[in-house]
Every structure is written in structure tokens, then in C-alpha cells.
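All of the numbers you see were taken from the coordinates with simple rules; none came from a lab. Please read all numbers here as calculations on a predicted model, not as lab measurements. Cβ coordinates were reconstructed from backbone atoms using ideal geometry, including for glycine residues, and neighbour counts include every protein chain displayed.
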Amino acid sequence: MTAKKRKGRIFIITGMSGAGKSQALKSFEDLGFYCIDNLPISLIPEFAGLVGDRHYLRNVALGIDIREGRFFKDFIRTLDDLGKLGLDYKIIFMDATDEALMQRFSETRHRHPLGKNIAAAVREERRILTDLKARANKVIDTTKLTLGELKEILSSTLELKRTAEMKLSVISFGYKYGIPLDADIVMDVRFLPNPYYVPSLRKKTGLDAPVGAYLRRQPGFKNFLKSYTEQIKALLPLYIREGKSYLTIAIGCTGGRHRSVYIAGEIARNLAAGGFSVSEYHRDIRK
């Protein structure tokens with residue numbers, strides 16, 4: 001028998017230590033959520049039983065981290081219990097590069113929950129959380145995010161309706177600065193000629209009309225854009241069927257200023273025209 005859906009939402013904020021879980025919880029609190037940090041995993045089912053029964057517990061955000069002992073097995077069992085209660089829950093996984101995490105621990109002089117050498121602790125924690133990250137509804141890479149940008153991402157996340165909708169994010173990036181950690185699908189568009197080597201286009205970006213006109217003139221460009229967009233549309237129902245509510249599509253070129261920016265914008269517009277909820281972000285356009 002399927003559990004009856006209860007009123008109320010639970011967002012579980014977890015991920016790498018130092019990746020911004022506390023800041024995310026503060027953002028949820030600003031958005032009117034009832035927030036609890038480091039609630040013992042064993043108490044989550046009991047607490048969850050109250051969600052929806054009290055007006056102030058209609059929207060809840062829980063911060064969970066690795067300091068909990070038998071973390072993964074207990075946590076997965078708890079998630080199964082939430083499903084049996086008929087609760088609508090989403091997992092948001094906070095992440096950042098190993099280098100960024102080690103720098104943050106070094107700057108704050110905080111002790112890592114695993115209590116080891118910081119570099120070893122970060123590697124071990126990432127290994128432990130690999131499967132949990134795969135189960136997450138949304139992965140947020142905070143390596144280069146400002147607090148304002150994090151709040152914007154979380155706000156857009158909360159706009160999801162409680163249906164089988166999917167929130168799409170299309171990000172442009174430069175390979176020289178690394179692939180976004182939260183990318184679900186990555187497309188390399190370096191097969192196109194680089195406008196950077198055209199003197200009149202070098203200082204422009206993919207948001208400028210001359211760059212777009214240059215790329216549209218390239219052989220095979222229109223066929224690529226159409227076929228790639230259609231491929232993404234064909235995949236979305238499959239992702240939804242597997243429980244994904246958020247999908248990040250990353251478009252990369254060398255520097256993240258010309259080709260990837262224009263193509264990311266075109267893909268975002270095409271998907272939005274198809275009725276999908278889409279946000280567009282150009283990570284490296286100002287570098």
C-alpha cells in the first residue's frame with residue numbers, strides 16, 4: 001500500500017564539510033523554513049512525524065553531516081522511513097573542490113569532523129559520501145559562489161511545484177577553470193572555431209550579437225544546436241522517472257567567454273520555449 005501524501009516539505013541539507021551547509025540553512029531560515037542543524041539521524045523519523053501537523057512545521061530544512069557515526073547506512077534507512085510516512089523530501093548536496101575545502105578549513109582553523117589530517121579527511125569524506133551524492137535531488141558547487149548567488153540558487157530550487165517537473169540550469173564554463181562539480185550533463189563545444197582569434201570579437205562575449213552571428217555561420221552549427229537540444233528533451237523524462245528534480249547542463253569551451261556562453265544561452269531559450277523551467281548562468285564570462 002502506498003503511503004498517503006502528507007502536507008509539508010522537508011529539505012535535507014548535507015554534503016562535504018566546509019561546503020556551505022550552515023550558510024544554506026541560514027538561507028532556508030530567511031525563506032521562512034523551520035531549520036535544525038545536526039539533528040541526530042535516529043531522531044529524524046520521530047521529528048518527521050510532526051511535519052505537516054503543526055503550522056510552523058509545514059516547511060522544514062534539516063542539516064545533516066558526517067559527524068554522525070554509522071552515517072550512510074543509518075541515513076539511507078531513515079530516508080526509507082520518510083518515504084513510508086508519505087513525506088515529500090528533497091536532498092540538497094553541498095560540494096566544493098578539495099582545494100577550496102582545505103583552504104576554508106585552513107582559514108577558519110576548524111577541526112574536520114573526521115579528525116584526521118585535513119587533506120586525508122576530505123578525501124575520506126568524499127569517498128564515504130559518493131553514493132549519497134548520487135541520490136541527491138540537487139548538487140550545489142559552492143567553490144566560486146558568493147552568498148548572494150547561493151541564496152538565488154536555493155530560491156529558484158524552492159520554486160519547484162510538487163509534481164514531476166524538473167528545474168533545469170544551463171551553465172557555461174571554461175575548461176581552463178575546471179568543469180562545474182554540480183554538472184549532470186557536460187557538452188564540449190571546442191569543435192567550433194574560437195571567436196577569440198578574430199580580432200574584432202576577442203574582447204566581446206557570447207552575449208554580444210556579432211559573436212552569435214559568427215558562430216551561426218559555422219558549418220554544422222545549426223544542425224548541432226537542434227539535435228543536441230532535442231537529445232536533452234528526450235532524456236528529461238528518463239531523468240524524471242529516476243527521481244531527478246533538478247538537472248544542470250554545463251556547456252564548455254576553452255575560456256568560457258564566447259562559444260559556451262552563446263550556445264548555453266541558445267539551449268536555455270530553446271528549452272524554455274518548450275515549456276521547461278530554465279535558469280541560465282555564465283560562470284567564467286568575466287575572467
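Is there a quick way to get the dipole size of segment 168-282? I mean about its Cα centre, with the Cβ of Lys and Arg at +1 and of Asp and Glu at -1; what is the value in debye to the nearest 20? Could you put the intermediate results ahead of the total?
Working: 15 positive and 8 negative charges, 99 e Å.
Roughly 480 debye, rounded to the nearest 20.
Please work out the FRET efficiency for the pair Thr130 and Asp30, using the Cβ-Cβ distance as r and a Förster radius of 25 Å; give the result to the nearest 0.05.
According to the calculation, E is roughly 0.20.
Projected onto the charge dipole of the chain (+1 at Lys/Arg Cβ, -1 at Asp/Glu Cβ, origin at the Cα centre), which of Leu192, Leu168, Ala120 gives the Cα projection farthest towards the positive end?
The residue sitting most towards the positive pole is Leu192.
Residue farthest toward the positive end of the dipole of the chain, with Cβ of Lys/Arg at +1 and Asp/Glu at -1: which of Ala48, Thr157, Val261?
Val261
Evaluate the distance, in nm, between pseudo-label points positioned 7 Å from the Cα of Asp88 and of Leu236 along their respective Cα→Cβ axes.
Calculated label separation equals 1.9 nm.
Order of Ile285, Ile153 from fewest to most other C-beta atoms within 10 Å?
With the sparsest Cβ surroundings first, the list reads Ile285, Ile153.
May I ask for the net charge around Ser172, where only other residues with Cβ less than 9 Å from the Cβ of Ser172 are counted and Lys, Arg are +1 while Asp, Glu are -1?
Summing Lys and Arg as +1 and Asp and Glu as -1 gives +1.
List the relative contact order of the chain as a percent without decimals, with contacts defined as Cα pairs under 8 Å and 6+ residues apart.
Contact order relative to length: 20 percent.
Where nothing but the Cβ of Lys and Arg (+1) and of Asp and Glu (-1) is charged, how large is the charge dipole of segment 9-159 around its Cα centre, in debye to the nearest 20?
Using Cβ point charges on Lys, Arg, Asp and Glu, segment 9-159 gives about 300 debye.
State, to one decimal in nm, how far the label point of Arg58 lies from the label point of Ile179, with both points 7 Å from Cα in the Cβ direction.
A separation of 4.2 nm, rounded to one decimal place.
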